[in-house]
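Q: Please see the structure below; I have some questions.
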Amino acid sequence: MYKAKIYITLKPTVLDAQGAVVEKALKALGYETVSGLRIGKYVEAALDGGSREQAEKQVSEMCQKLLANPIIESFRFELEEA
């Protein structure tokens with residue numbers, strides 16, 4: 001069994017409106033040194049059975065087909081034995 005930790009973020013060229021709002025709010029709270037804040041998604045999934053290579057392929061396919069929007073988002077993942 002494997003546990004996948006998936007990180008999905010907007011591509012650098014895509015404006016992150018939510019990140020900009022949160023950054024502005026943090027600065028209003030006195031955190032003046034914050035900059036370049038971007039918001040993403042974190043997903044965990046358990047995969048039962050198969051080899052590590054099969055699990056990596058499956059997670060990559062899941063991200064490409066459903067979890068991430070390949071037009072505006074990038075993803076990376078870590079796979080560990082559970």
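Derivation of every value follows stated rules applied to the coordinates shown; laboratory data play no part. For clarity, every value in this text was computed on a predicted model and none was experimentally measured.
Q: Once the Cα atoms of helix 52-62 and of the chain are each reduced to a long axis, what angle between those two axes, in degrees from 0 to 90 to the nearest 10, is obtained?
A: 50
Q: Glu78 to Glu44: extension gain in nm, 0.36 nm per residue of separation minus the Cα-Cα distance?
A: Numbers: separation 34, 0.36 × 34 = 12.24 nm, distance 0.97 nm.
Gain on extension, Glu78 to Glu44, equals 11.3 nm.
Q: Taking springs between alpha-carbon atoms closer than 10 angstrom, which of Gly30, Gly19, Gly50 fluctuates most in the Gaussian network model of the chain?
A: The residue with the greatest mean-square fluctuation here is Gly30.
Q: Given that just one value was derived from the coordinates, which of (1) 14.4; (2) 17.6; (3) 15.8 is Kirkwood radius over Cα pairs in Å?
A: Working out Kirkwood radius over Cα pairs in Å from the coordinates points to (1).
Q: Fully extended, how many nm does the chain gain between Lys24 and Lys3 (0.36 nm per residue separation, minus their Cα-Cα distance)?
A: That pair, Lys24 and Lys3, stretches by 4.0 nm at full extension.
Q: Could you name the lysines in cross-link range of Lys3, using Cα to Cα under 23 Å and dropping any fewer than eight places away on the same chain?
A: Output for Lys3: Lys41, Lys57, Lys65.
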